[in-house]
1. Cross-link candidates for K316: which lysines have Cα within less than 23 Å, leaving aside residues fewer than 8 places away along the same chain?
2. Of all chymotrypsin sites (Phe, Trp or Tyr not before Pro) in the stretch 127-200, which ones are in loop regions per DSSP and have a Cβ with at most 14 other Cβ atoms within 10 Å?
3. Between L22 and N194, what is the spin-label point distance in nm, taking each point 7 Å from the Cα along the Cα→C-beta axis?
4. Distance check, please: which entries in K350/K405; K69/K175; K60/K94; K176/K405; K73/K418; K433/K490 exceed 23 angstrom between their Cα atoms?
5. Mind ranking V284, V206 by accessible surface for me, highest first, 1.4 Å probe?
6. Report D351's accessible area, 1.4 Å probe, all protein chains in place, as a number in Å² to the nearest 10.
7. Residues of the stretch 42-78 with the amide nitrogen closer than 13 Å to a label point 7 Å from the Cα of K175, along Cα-to-Cβ, please.
8. Where the accessible area of the stretch 330-414 is counted over protein heavy atoms with a 1.4 Å probe, how much of it, in %, is carbon and sulfur?
Amino acid sequence: MRQFIDIINQMLKRFTPVQRILIVIVFIGMLSAIISLVMWANRPEYTVLYSDLEPSSASKIVSDLRSMKIKYKLEHNGRMISVPGKDVAELRLKFSEAGYVENTTAGYEVFDNAKIGMTSFMQQLNMRRALEGELVKTINQFPGIRNSRVHLVLPEGKLFEEDRKGSASVVLYLKKGMYLSSEQVRGIAALVSNGVKGIDPENVVVVDTEGNLLSESNSEETAVGTARNQWDLRKSIESKLQKKILRIVEGIVGNNNAVVEVSAELDFEQTERTIEAYDPDNVVVVSEERHSETSSGSDPTQSTSEDVITNFELNKTVEHFISSAGTINMLSIAVLVNGKVTTTTDNSGKDVSEYTPRSNDELAQIATLVKSAAGYSENRGDIVEVRNLQFDRSAIETDNEYFVKAEKREMMMGMITKLIIGIGVLMAFFLTKKLLESAGKTVRQVQSGGSIAAIQGISRIGLPEPGANDEIAEDMYMKNLSPEAQARLKAKDRMTEAVVSHAKEKPEDAAKLLRSWLTGDQ
């Protein structure tokens, strides 16, 4: 490690101070970018564990998450808890087993641990609790309902007293943005009344968490219900006709090029008529009664009398007629269509839009199709109007241009970001390559031994280059060498000294050796 640090120091000494600062800044930037990318790639992706939690359940879950040292996030004022996605399934099973998020309302389970010797009051109280719990479980399954509470009032039956009717109150906790229709509220009231003996639907009160009364009494339904049903029927007829006509017209002029409005006048008067018709030409004998009497006197003559009573009845026809309510008195249909828009390219290469209104023949054909689809009746006084006007598309075009520009801007920013990252990676790669090449060259020069080139290279890296007449201290260079290089230089010096001393002691042998090298004689 010490040797590596020394090599780095020697490499940095080759550059000017400005270059050193630039290298350090680039290195720190590369290191920060790598750390940021690693942290961004390894960041946990949070997934919703539970939402719409009660504060008591949320506090228990958060306490367990802290004890398990699992990261979590609280959102929506503590009603929603998010955890890393890899732990969601296991945590849901764990908390479901612990009973933190399950519906703790007890139904008929209250009788599972029934005690012997319970009084009749306790049995009646448990029965009411069981009914309330079962109704709550059923109502909570309806879409749009987050939770509910049911309160039952069941009067006690007494001897020699007529059965009194009970009553019920239902509190609904609706999900955000959800509303119940009147039919759904009446369905809940019918569910409660049919699930509990002695409670009529009109005795069930349904309210929401803000105290708004959702159910209506019989008197209110009698006064208001008819008008509400009439309005719903009218809107339903108009909506169905509008969709049918719009589908036909858009098939001709194209999507978003037609507007259709329908107004229906309905007759809600209901007539009941009974007619009795008699046919005098058709007489029917209903019954006939004859009485005959014969009498005789002193003389031998006899007299006979006969009475005939005949009952006749005319042919009668009885007709009972009840007219249906909600028949259509008149239809008014307005159809607005856009003209034709063609796009051409001018000499400069720009797209030019040209508007062409629709002809009268086209409008007449559209009107004929609309009449056929709506069930047009001239005797009824129906009105069908088809007009051609140019639609104002300026707001839509402005929005489209904004989104196109925003999309291009986002794409360009993404490309620029990727380009900057690529340039940074290339610069870091080449800089690292140059540094490694310089380090390898320096190491090879240092390890090559005591050659003059290595010593000169070391002098260029570690020390200032001396002048021609300056004396160079040997100890200064020896200190800058690695232990291995110092050992090699010392070994080479000892070998050189040994060769020189041998040549001095035995010059003849040295001369023969040189002669054999020159002649190539082995």
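The values are calculated or read from the model by the stated rules, or taken from the named source; none is laboratory data. On a predicted model such as this, the values are computed, not experimentally measured, just so you know. Cβ sites come from the backbone with ideal geometry, for glycine too, and all protein chains shown count toward neighbours. When the accessible area is computed, the model is the full protein with side chains, heavy atoms only, and any ligands, DNA or RNA have been set aside. Shrake-Rupley method; radii C 1.70, N 1.55, O 1.52, S 1.80 Å.
1. Those lysines meeting the cut-off do not exist here.
2. Listed in order of number, the matching sites are F160, Y179.
3. 8.6
4. K69/K175; K176/K405; K73/K418; K433/K490
5. Highest to lowest solvent-accessible surface, that is V284, V206.
6. Estimated to the nearest 10 Å², D351 gives 120 Å².
7. Once the point is set 7 Å along Cα→Cβ of K175, 51-52 turn out to lie under 13 Å by backbone N, inside the stretch 42-78.
8. 52
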